[in-house]
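Written below as structure tokens is the structure these notes are about.
The values are calculated or read from the model by the stated rules, or taken from the named source; none is laboratory data. Every value quoted in this text rests on a predicted model; they were computed, and no experiment measured them. Cβ coordinates were reconstructed from backbone atoms using ideal geometry, including for glycine residues, and neighbour counts include every protein chain displayed. Side chains included, ligands, DNA and RNA excluded: accessible areas come from the protein's heavy atoms. Shrake-Rupley method; radii C 1.70, N 1.55, O 1.52, S 1.80 Å.
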Amino acid sequence: MRIAVIGSGGIGGYYGALLAKAGHDVVFVARGAHLEAMQRHGLTIRTSGGETTVPVIAVADTGRVEPVELVLFCVKSYDTESAAPLLRPLMGRDTTVLTFQNGVDNADTIGSVVGSHAVLPGAIYVALQLVGPGVVLRTGGEGRMAFGELNGVVSERIQRIAGAFRQSGIPHEVSPDIQRLRWEKFLFITGIGGVTALARSGIGPVRRLLTASCDEIVAVAQAAGAPLTPAAARAAIEQAATVPPQWRSSMARDLEDGRRLEVEALSGAVVRRGLTHAVPTPIHQAILACLSLHQPRAA
């Protein structure tokens, strides 16, 4: 399968490397020191089971790349609008763009550039991190990947993509209800992750606030017609109660390390929908206002 990876960090780098190692024709789009490291040395994957380096093809721009069958679109949500035009040279008649990004608005943004029919939503549950130029670290197990058509049909393109993942040893699930899965993930990373980042606290001391945060998301989702129920909020809180005391959300880690936050795509999306549907969102308004103060200033 001919594949391009836009956003070659933790998620894109890891899954792209597995596909390339299995013999698929993969081109990685990257920049800066990460691009240079991949061009010179390949892409190194570190897990608890060891380390492997995969020779890869990496470019800074897609202008001279031939159309592909599949694009893994894995940039941070705040880069979606600026990265989506990179898709145009890659698009053939049957090209699919598979997005594993956080948030619930990215597919629409991508679709405005390449057409909504070309976009396939997915969700990833795994701890992956770019720890240095050309080096991706996976902590914990292999994780979970899910993707599917919005109408739940197991289409021909779904079968082709699933076949490529299967052949590459990538655990995956074809979901007949991908929108529900995406909203449930959004509920956890936004409802739990946003509060713990803002409070700079573990889950225990802010449990009551977590409940209010998740309830706001469910109320907004239901007003917008999204497939999220109060039971999903209870499940998210129960799941949060099982994590180790030292657990920190990815947003909390980004905040501590001074990196840009995806707060506009997460709590920002809750606030915007709340305003549209007249649903109060005081918790997420506070998260958005306070965490936005910590966004790195543009150079």
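Calculate, for the stretch 154-299, the solvent-accessible area per residue in square angstrom, rolling a 1.4 angstrom probe over the heavy atoms of the protein chains. Don't skip to the end; give the middle numbers.
Numbers: 7330 Å² over 146 residues.
Here the per-residue accessible area is 50 Å².
Name the residues whose placed amide hydrogens come within less than 5 Å of the amide hydrogen of residue 96, ignoring near sequence neighbours (fewer than 5 apart) on the same chain.
When sequence neighbours closer than 5 places are left aside, the close amide H contacts are 70, 71.
Summarise the long-distance tail of P(r) for the stretch 196-299 by giving the % of C-alpha pairs beyond 24 Å. Working shown, then result.
Values: 1328 of 5356 pairs.
The proportion of pairs with Cα distances above 24 Å equals 25 percent.
Protein chains only, probe 1.4 Å: how do 76, 185 rank by accessible area, largest first? Please report the intermediate quantities before stating the final value.
Values: 76 80, 185 30 Å².
Largest accessible area first, the list is 76, 185.
What nm distance separates the two modelled labels at residue 93 and residue 201, each placed 7 Å from Cα along Cα→Cβ?
If labels sit at residue 93 and residue 201, their model points lie 5.9 nm apart.
On a 1.4 Å probe surface of the protein chains, which of 216, 173 comes out largest in accessible area, and what is the full order?
On the way: 216 20, 173 65 Å².
Of 216, 173, the descending order of accessible area is 173, 216.
Of the accessible area of the chain, with the probe set at 1.4 angstrom, what percent is carbon plus sulfur? Before the final figure, lay out each step's value.
On the way: 7240 of 13920 Å².
With neighbouring chains kept in place, the figure for the chain is 52 percent.
Where does each of 74, 290, 214 land when they are ordered by accessible area, with a 1.4 Å probe and the largest first?
290, 74, 214
Fully extended, how many nm does the chain gain between residue 60 and residue 116 (0.36 nm per residue separation, minus their Cα-Cα distance)? Walk me through the numbers before you get to the answer.
Values: separation 56, 0.36 × 56 = 20.16 nm, distance 2.55 nm.
Stretched fully, the residue 60-residue 116 segment lengthens by 17.6 nm.
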